[in-house]
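To keep things clear, I will list the structure first and then write my remarks on it.
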Amino acid sequence: MFSPDSTQYYLRPQQANVPPPPARRLRGYAFDPSLSLRLETAAINHLVFEAPWEQDLKPGPIGEYLEVVDYDPASGCWYEPVDLNDVQVVAQDGLAPSEGNPQFHQQMVYAVAMNTIANFEQALGRQVFWSATYDPHLPKGKRDTFVQRLRIYPHALRAANAYYSPNKRALLFGYFQGPSGMVFSCLSHDIVAHETTHALLDGMNRRYIEDNHEDSLAFHEAFADLVALFEHFTFPEVLKHQISQTHGDLHSESLLGELAQEFGEATGRYGALRNAIGEYDDADQWHPIKPDPTRLSREFEPHARGAILVAAVFGAFLAANSARVRDLVRLATAGTGVLPAGNLPPDLVNRLATETSTTARHFLNMCIQALDWCPPVDMTFGDYLRALITADFDMQIEDPNGYRTALIESFRRWGIVPKGLRTLSEEQLRWPFVHKVDHDGWNALTEVVERIRPRISESLYIRDRRVLFALLRDARLETHEHLEAAMSDVSDASQRPHFNRVTGLNIAPTSGLPGMIVNENGIARFEVHALRPALRVTSSRTIKKQLVMILTQTRNLPIDPEHPELGDFEFRGGATLIFDLEGERPSLRYSIVRPIDSGERLEEIRAYWKRRDDQGASLRTTYFGAGLAANLKDEPLCLLHGEG
Amino acid sequence: MTTARIRMYRHGLGDCFLVRFPKDDGGSFNILIDCGVITVAPNPQATMATVVADIAKECGGHLDLVIMTHEHWDHASGFSVDQAQAAFDNLTIAEVWYAWTEDPENVLGRKLRRERAAKLAALQAAAVALDQSAEPLAVARKERVLSVLQFFGVGDMTDLHNLGAAAKKVGKTQAAFEYLGKRRGVKTRYCYPEKAPMGLRGVSGVRAYILGPPQDEGRLKRSSPTKRGKEVYELASDVQAADNLAAAFARFGAGAGMADGGADCPFDAGLGFYLKHGAAPPEKLQELIQTTWDDPSAVSRRIDLDWTSAAETLALNLDSHTNNTCLVVAFEVEESRKVLLFAADAQVGNWLSWQDTSWKVKDGGSTRNVTGPDLLENAVFYKVGHHGSHNATLRALGLEQMTNEDLVAFVPVFKEQAEKNRWMNMPFPPLVKRLREKTGGRVVFSDPRMHPPTPTQLGSLSASQRKEFNTSLVVDRLFYEYSLEL
């Protein structure tokens, strides 16, 4: 894989007539080391990852995005860092896979994490950032500080756990004593891709880790698992082997499904997310689980609930892929579509594998891309479906391969229906274009974007992430000032209701909403959470220049006004605004709103918190009680992964 | 008609129940179920002496049966030499029951005990090591580990400074728990749910069913192995995982390198660099450390203590595994089929297994099938599990199946002592609420600050039910005694 945004590729003029290598080839495990011990999977378990080429990669590896720091505190020791630029190492596609060599472990986490980062950059059409640190001592507007590299500790824990720590901006991988030797979570492709995705998602929107809805943490888990899952299917080598293994019985749906589930099982706890894909009957035959639309109303534990989303997206992938390869099978069978017994011709195997890998890549792109079309806070599965459909529509107006139809059908079968929709047609599911009635409201907004347009345009040409970060931070400050000015302008008072409707905010001093934090100037505090300029290449080979702006606002409210002892929570609102930067003036295309003054949503979140209180969480709460809240804030994903 | 008397002692946070059935010859069959109090309780020795003196007096110096549900201090401390063992020495005791997990002949039982010992050792090592750090996180973790070690008799901070002393304390729990098993002249029985229910000598028409613990490692550990047996990581190597953790904590506490050869470490010893001992790292490593770990602006990104959360996980895991090995007994009266259920501290896996148990029993001339759910359905007395914590009374496949209209629940809990130990939500309010609904308010707490059920709480009962309950309940500072027409 090659990221077109790899900074170093651009910064370094070609020194000789030889262009820089298209990718850094690194050997690794396709799944995890345990599969090398089984005869039927050993052959496919080694593959060569193609990470973006980083010329100046330091021992660690330490590159543009990652720093692998191999300290093992439980053993009290350091391991020497691998130097991937060592000529001996470069010349043989990196170190050979080995469980007993810590340097290979460093190489493996680097390769998989870089692969995942490259997939994100490709899908999003921009460079990714890690979650910024916040320093309250710096002047206003400069408090977010750039974190260049995600830190990866391959041997941080002595436990069957691995997690992303939002505070440390680090991935912590554990190792533990298994029945036949040490098991290293950092050697599992699934786990590394999953944890890297958590970090990337947190870098895009810190609010998605907040647990305000049954779907919040479940979404985080399911999304990370989907990325790991589809990444597997983008490797044609793996697919080829499995397709040829089936000896002509190409019931490809169950084949791929079974494969997906096996990957999950091999890595333990991630299996839970894949259990919804299929099951084994008494005769030990695998078959896909029939979608059950009532299951969503029964599962509340994040992994069990996340499994439903995984199953829904994966089901759509299977259906779409099977439609896509049907013609190949007909071609190979003189039109009958019935494959003869015996081995498949290698050509057919190759073509099937290539097609499937293409479908997988498309789904992977769709899943990641959709993040830009998600609401700013309190995301539900239904919102994600709408984001998937809208994003894909924007990239490709027609749906020639039926991907969107497959998604809608699969989600419907699993009972994932966005709230308030009458039908599940594509037009209904797409976020609506900003309504004409709110013309004045969005006029004010496009005005603001018009003003920051020079900076945004400039940003499209910047390759240095640190410079880009500073520029976008300044642009956020500027946006904030313009918005504030626009809203405190008394002459514009008539515009306010429109503005509120489009942005989901309410910054009027007279809003009277309880729990609102009001600044000294009498205006309610709000935040320009993110500005994301993106260049996207559509299916018709045109380049789309878009700007994603996320505005949020916070109210501190008691969970239950009648029982203040239950504590407070942060109720947030705002909007994800998507602007087209084409043409004379920028235009607001979508406004995905979570109104800060929505009483209905407030009651839903309160009910959710109370329900959780009634269920009493875990044994941990009973024994370690008081410290729990602090602990959850520190490492929300540690507990979710460790005891989930 | 048979009248059983159940006495719940109000001595502190811990279980001690005296159950008496009338013998055919007019005497009473005396059963003691557990006898212990948590370490934070004041004056434990005097308290337990009072309790055991009362037992001796009530039973005329003779116990027909003692049931030792599980090896936790708050259920067994009374048998310790530190507390009231001398008083027990003066009682005649006919028989003691343990769960099959204590059976020296049982392979799985031996394995579980070995694991328990390894985990305890690791936890003690963790507490000792964490005690040497002043980092708030280390302090918090140490306290959490300690709060679970309470169950094994490690109470005060001074125990921590000396591993030998702590080990002795833990040994004391074991010694107290095993006291009767080793005592000469006391018959020991290891109870299996698979075996036929047992009669009580000299009492006709009462049977004791063993509901749990299940002989099923997956259930005991609350994780269900997958159908194809692919995922067996957690089940297979608990002992070694705990040993490895213990070694890590020992090293951490001592600030030592690999004097022990690092057998617990993931890589060959030659591959690691132990910099605390002044060894110079190779150049590339030195550079890496300077630019990352030593970066003054990134100190908060270090991970010195993150791994120690393993001690908390292990503590919880040890506790729930031990609680799942609780001996759960149901006494059934043949004629009325009414059931007294003593759930000890059983947790989810143990409760779930009752759903699958069944026995064939002979009633008069005919044979009938009795299942776990039958026993729940006929329960008229429920000793609430684990001091009323949320996870020791299963809902749908437990409490909701107890549908007898005469159901009464006894909860041995001292809120103040639980909180002193930083255990929150004991008793768990939603459980209390549901218990009150299920029993028509007939829920009795040993806690001295909680009153016996008030007339308002009993409001949903009929006048005769209310009267019957009130006349059947004896309220004393030392105990509650409930008489049950069976």
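Readers should treat all values here as calculations from the given coordinates under stated rules, not as data from a laboratory. Everything numeric here is computed off the predicted structure, so don't read it as measured data. Reconstructed Cβ throughout: ideal geometry from the backbone, glycine too, with neighbour counts over all protein chains shown.
Note: region A:90-226, Cα convex hull, 152 Å³ per residue.
Considering all C-alpha pairs of region A:363-407, those separated by over 17 Å amount to 25%.
Report the full-extension gain for the segment A:Thr336 to A:Asp86: residue separation times 0.36 nm, less the Cα-Cα distance, to one decimal in nm.
84.6 nm
In the protein assembly as shown the Cα-Cα distances spread across 10 Å bins starting at 0 as 2, 9, 17, 20, 19, 15, 10, 6, 2, 0, 0 percent of all pairs. Under the rule a/c < 1.5 gives rounded, and otherwise a/b versus b/c splits prolate from oblate, where does chain A land using the Cα gyration tensor? In terms of gyration-tensor shape, rounded. Anisotropy class assigned to region A:137-206 is prolate, per the alpha carbon gyration tensor with a/c at or over the 1.5 cut-off and a/b larger than b/c. For chain A, excluding the exposed loop sites themselves (GluC sites (Glu not before Pro), DSSP loop, at most 12 other Cβ atoms within 10 Å), the longest remaining stretch covers A:1-397. With the cut-off at under 19 Å, measuring from each backbone N in region A:83-104 to a point 7 Å along the Cα-to-Cβ line of A:Gln55 picks out A:84-87, A:90-91. Given +1 at the Cβ of Lys and Arg, -1 at the Cβ of Asp and Glu and no other charges, the dipole of chain A around its Cα centre is 1140 debye to the nearest 20.
As a rough footprinting exposure proxy, the listed residues B:Cys59, B:Cys265 were ranked by other beta carbons within 10 Å of their own, and the order from fewest upward is B:Cys59, B:Cys265. Note: relative contact order over chain A, using C-alpha pairs below 8 Å and six or more positions apart, is 12 percent.
Exposed loop positions in chain A were taken to be trypsin sites (Lys or Arg not before Pro) whose DSSP state is not H, G, I, E or B and which have at most 13 other beta-carbon atoms within 10 angstrom. Between these positions, the longest stretch is A:143-297.
Computed over every Cα-Cα pair of region B:340-486 and binned at 10 Å starting from 0, the pair-distance distribution P(r) comes out as 11, 39, 33, 15, 3, 0 percent. Largest first, the extents of the alpha carbon coordinates of region A:311-365 on the three principal axes equal 33, 18, 17 Å.
Using the Cβ atoms and a cut-off under 13 Å, what net charge is assigned to the surroundings of A:Tyr175, where Lys and Arg are +1 and Asp and Glu are -1? Combined, the nearby Lys, Arg, Asp and Glu give -4. Size descriptors for region B:172-224 (Cα atoms only): Rg and Dmax, in that order, 15.0, 42 Å. The residue among A:Ala319, A:Thr333, A:Gln369 whose Cα reaches farthest toward the positive pole of the charge dipole of region A:288-394, with charges on the beta-carbon of Lys, Arg, Asp and Glu, is A:Thr333. Take every Cα-Cα pair in region A:178-232 and report what % of them are more than 19 Å apart. Summing the P(r) of region A:178-232 above 19 Å gives 37 percent of all pairs. Legend: translational diffusion of region B:390-477 by Stokes-Einstein, Rh = Kirkwood radius over C-alpha pairs, 20 °C, 1.002 mPa s; D = 153 µm²/s. Only one residue of A:Ile308, A:Pro293, A:Ile543 has its Cα farthest out toward the positive end of the dipole of chain A, where Lys and Arg carry +1 and Asp and Glu -1 on Cβ, and that residue is A:Ile543. Measuring between their Cα centroids, region A:494-547 and region A:168-212 lie 32 Å from each other. Taking trypsin sites (Lys or Arg not before Pro) in DSSP loop conformation with at most 10 other Cβ atoms inside 10 Å as exposed sites, chain B has its longest uninterrupted site-free stretch at B:185-448.
For region B:18-142, the convex hull drawn through the C-alpha positions has a volume of 137 cubic angstrom per residue.
Net charge dipole, chain B: roughly 800 debye, given to the nearest 20, about the Cα centre with Cβ charges of +1 for Lys and Arg and -1 for Asp and Glu. Using just its DSSP H runs of length 4 or more, each adding -39500 (n - 2.57), the protein assembly as shown gives a mean residue ellipticity at 222 nm of -12500 deg cm²/dmol after division by all residues. Any idea what diffusion coefficient region A:354-481 gets from Stokes-Einstein, in µm²/s, Kirkwood Rh on alpha carbon pairs, 25 °C, 0.890 mPa s? Using the Kirkwood radius from Cα pairs, D works out to 142 µm²/s.
Each part reduced to its alpha carbon centroid, region A:57-76 and region B:11-77 end up 58 Å apart.
Cross-link pairs exceeding 24 Å between alpha carbons, from the set B:Lys221/B:Lys433; B:Lys362/B:Lys383; A:Lys58/A:Lys544; B:Lys172/B:Lys420; A:Lys58/A:Lys140: B:Lys221/B:Lys433; B:Lys362/B:Lys383; A:Lys58/A:Lys544; A:Lys58/A:Lys140. What the pair-distance distribution of chain B shows, using all Cα-Cα distances binned every 10 Å from zero, is 4, 19, 28, 24, 13, 7, 4, 1, 0 percent.
The equivalent ellipsoid of region B:1-91 has semi-axes of 24, 13, 11 Å, largest first, where each one is the square root of 5 times an eigenvalue of the Cα gyration tensor. B:Leu376 sits among other residues whose Cβ lies under 15 Å from its own Cβ, and their net charge, with Lys and Arg +1 and Asp and Glu -1, is -1.
Antiparallel beta bridges, as assigned by DSSP with both residues in the protein assembly as shown, represent about 75 percent of the total such bridges.
Would you work out which of A:Phe219, B:His386, A:Thr41 lies farthest towards the positive end of the dipole of the protein assembly as shown? Charges go on Cβ: Lys and Arg +1, Asp and Glu -1. Of the listed residues, the answer is B:His386. A simple count of charges around A:Met379, restricted to other residues whose Cβ falls under 11 Å of its Cβ and scoring Lys, Arg +1 and Asp, Glu -1, yields -1.
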